[in-house]
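Before any comments, here is the structure.
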Amino acid sequence: MTKKPLTIYHNPTCSKSRKALQILRQYKTQPQIIEYLETPPSQSDLKQILKKLGLAAIDLLRTTEEAFAKGRYQAELMSDEDIIEAIVQYPSLLQRPIVTYGNKAIIALPPTKVLDIISS
């Protein structure tokens with residue numbers, strides 16, 4: 001077992017997030033759990049996550065959330081900076097769960113995708 005830092009950006013009310021955490025606990029001692037609705041990631045955190053994911057900011061955005069409609073956002077018109085600012089303002093817009101492990105990250109959808117990152 002390696003000693004890379006393992007972190008999950010977790011929403012305890014989300015069944016997929018709970019399942020991903022359950023799988024992680026089966027394979028690791030105890031991941032660092034960041035309940036991002038309680039402790040939202042900063043712009044800097046989100047930029048680091050994006051770099052580890054190797055994805056565009058739009059891939060972090062949950063457009064089906066009520067906060068997306070309330071903010072009157074239009075995903076196709078938003079820059080990466082706009083998306084990051086929206087997620088900082090409304091953390092519920094963050095895709096979940098996100099797992100970081102060392103210099104890699106994944107969006108664990110489906111939750112079994114966490115196995116890909118901990119076996120790398």
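The values are calculated or read from the model by the stated rules, or taken from the named source; none is laboratory data. Only a predicted model underlies this, so the values are computations on that prediction, with no experimental measurement involved. Here Cβ is always computed from backbone atoms with ideal geometry, including for glycine, and neighbour counts include all displayed protein chains.
If only one of Ile106, Ile98, Ile117 is surrounded by 15 or more Cβ atoms within 10 Å (Cβ to Cβ), modelled with pLDDT under 95 and under 30 Å from Gln26 (Cβ atoms), which one is it?
Details: Ile106 fails: modelled with pLDDT under 95; Ile98 fails: modelled with pLDDT under 95.
Exactly one residue qualifies, and that residue is Ile117.
Just a yes or no: is a residue in region 24-34 touching a Lys or Arg at 6+ places or on another chain (Cβ under 6 Å), touching a residue at least 24 places away in the same chain (Cβ under 8 Å) and of a type in the set (S, T, N, Q)? There is no residue in region 24-34 that is touching a Lys or Arg at 6+ places or on another chain (Cβ under 6 Å), touching a residue at least 24 places away in the same chain (Cβ under 8 Å) and of a type in the set (S, T, N, Q). Among the residues of this structure, Leu109 does not count as one that is under 20 Å from Ser17 (Cβ atoms), assigned to a helix (DSSP H, G or I) and in contact with a helix residue (DSSP H, G or I) (Cβ under 7 Å, 6 or more places away or on another chain).
Just one of the numbered conditions (1) more than 21 Å from Ile8 (Cβ to Cβ); (2) in contact (Cβ under 8 Å) with a residue 12 or more places away in the chain is not true of Glu76: (2). For region 41-65, filtered to residues that are among the hydrophobic types (A, V, I, L, M, F, W, C) and outside any helix (DSSP H, G or I), the residue that is surrounded by the most Cβ atoms within 10 Å (Cβ to Cβ) is Leu61.
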